[in-house]
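Novice: Have a look at the structure that comes next, please.
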Amino acid sequence: MWPISTKLQVSEQTYWQQIKTGDKKAYETIFRTWYQVLCNYACSLIKDMDEAEEVVQNVFYTIWKKREELEIGSIKAYLYRAVHNDCLNKIKHAKIKMNYAQDYKHTAQAGLDSSTQLLNAKELSVKIHEAIDSLPEQCGLVFRLNRFENKKYSEIASELGISVKTVENHMGKALKIMRERLKDYLPVIGWWLFCASAEVLT
């Protein structure tokens, strides 16, 4: 059935042969006959009338451009098939774009998180060294030997020529100062700053 009130007096094949020879009037007749019906069909697939009209227009454009190459038995069947396939391609492309956008978003967020972590690590390192530099000279030396060289209190006492008790006092003072200077970072470095193993402390 042709979707117009006035029935066409010639077959689809006749119209197609006329179109193949460049008959614009025959092409216009086919266009007016099927355009809106095909737009409605395309819209039922891709749920967007603007996109549907674009699909149908492209199909008709291709028909006219490649009219000499195409071999069409049923214009109706060809049009529906072409519109259907183009709609499926559009849906597939839209899904690919959406997946790409999601992947890009996740990748960008991961990169941002990594950059933030790196920035925080650098900031923390600067804060730790600033806190250590603020310690009294002997106190800072004892702290460095214990925390960065993993020396025991007895080893530090022997190296500096002081008693183990004096080393303990210096460490107690150092930890108190460090705790105050780095209070905003304790959840991150508390284990390193205050929970050294007994093997190092003794």
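Novice: Within segment 70-92, work out how many residues are more than 37 Å from the chain's Cα centre (by Cα) and either modelled with pLDDT under 85 or outside the structural domain of A26 (by TED's automatic domain parsing) (or both).
Specialist: 5
So that you can scan it fast, the table gives a plain yes or no per residue for (1) modelled with pLDDT under 85; (2) outside any helix (DSSP H, G or I); (3) in the same structural domain as L45 (by TED's automatic domain parsing):
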residue	(1), (2), (3)
A94	yes, no, yes
A110	yes, no, no
A121	yes, no, no
T166	no, no, no
A174	no, no, no
Y185	yes, no, no
I189	yes, no, no
A196	yes, yes, no
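The values are calculated or read from the model by the stated rules, or taken from the named source; none is laboratory data. For clarity, every value in this text was computed on a predicted model and none was experimentally measured.
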